[in-house]
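This report concerns only the one structure given below.
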Amino acid sequence: QVQLVESGGGLVQAGGSLRLSCPASGRTFRNYAMGWFPQAPGKVREFVATISWNGIRNYADSVKGRFTIARDGAENTMYLQMSNLKPEDTAVYYCAFAGRPYTSGSYYPNGYEYWGQGTQVTVSS
């Protein structure tokens, strides 16, 4: 059973930083695409950052220059470094891993097979 257990969310003032982590267990994910998909209240789940199997990163325009997606050397833990946070970043952040290797990072949630439970990020003004 594959499990992705997210952590790192919390309450932070505008301008602050958080680092989200998403370690996977149950299998290895070397050469898999991964992504982060926040969902704000009343909104659909949308991507903010993805990384392809070979390390190409893409970001939503709203977070460029502020968020950085990364993974460890074994590629079983994914991170989202969030800086200069804004109130509009408030959402539940879901991490996702692709279901097969050697794919680019899809911009759409249906491009991923395995999902974390979500971690709440709240940014106060």
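The values are calculated or read from the model by the stated rules, or taken from the named source; none is laboratory data. Remember, predicted model here, so these are calculated numbers, not experimental data. For neighbour counting, all protein chains shown are included, and Cβ atoms are generated from backbone atoms with ideal geometry for every residue, glycine included. We work out accessible area using only protein heavy atoms, side chains counted, and drop any ligands, DNA or RNA first. Shrake-Rupley method; radii C 1.70, N 1.55, O 1.52, S 1.80 Å.
Here are a few things to note about the model shown:
Quick grid of which residues meet (1) over 14 Å from the mean Cα position of the chain (by Cα); (2) surrounded by 13 or more Cβ atoms within 10 Å (Cβ to Cβ); (3) at positive phi:
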| site | (1), (2), (3) |
| --- | --- |
| G16 | yes, yes, no |
| N58 | no, yes, no |
| M78 | no, yes, no |
| G105 | no, yes, no |
| Y114 | no, yes, no |
| G118 | no, yes, yes |
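- Taken over the stretch 111-121, residues that are outside any loop (DSSP other than H, G, I, E, B), under 17 Å from T50 (Cβ atoms) and modelled with pLDDT of 95 or more amount to 2.
- Condition met for S106 (among the hydroxyl-bearing types (S, T, Y) and without any contact (Cβ under 8 Å) to a residue 60 or more places away in the chain): no
- Evaluated against (1) modelled with pLDDT of 95 or more; (2) under 13 Å from A91 (Cβ atoms), I56 falls short on exactly one condition, (2).
- The one condition from (1) in contact with a strand residue (DSSP E or B) (Cβ under 6 Å, 6 or more places away or on another chain); (2) more than 16 Å from G9 (Cα to Cα); (3) not charged (D, E, K, R) that I69 does not meet is (2).
- Hits in the stretch 71-89 (condition: among the aliphatic types (A, V, I, L, M) and under 17 Å from A60 (Cα atoms)): L80, M82, L85
- Pairs where the first residue, in the stretch 78-89, is modelled with pLDDT of 95 or more and the second is open to solvent by 60 Å² or more (accessible area, probe 1.4 Å) and of a type outside the set (G, A, S), C-beta under 6 Å, 6+ apart: Q81/R19; Q81/T68
- Cross-chain or 6+ apart pairs with Cβ under 7 Å, the stretch 21-46 first and without any contact (Cβ under 8 Å) to a residue 40 or more places away in the chain, then part of a loop (DSSP other than H, G, I, E, B): G26/Q1; G26/V2; R27/V2
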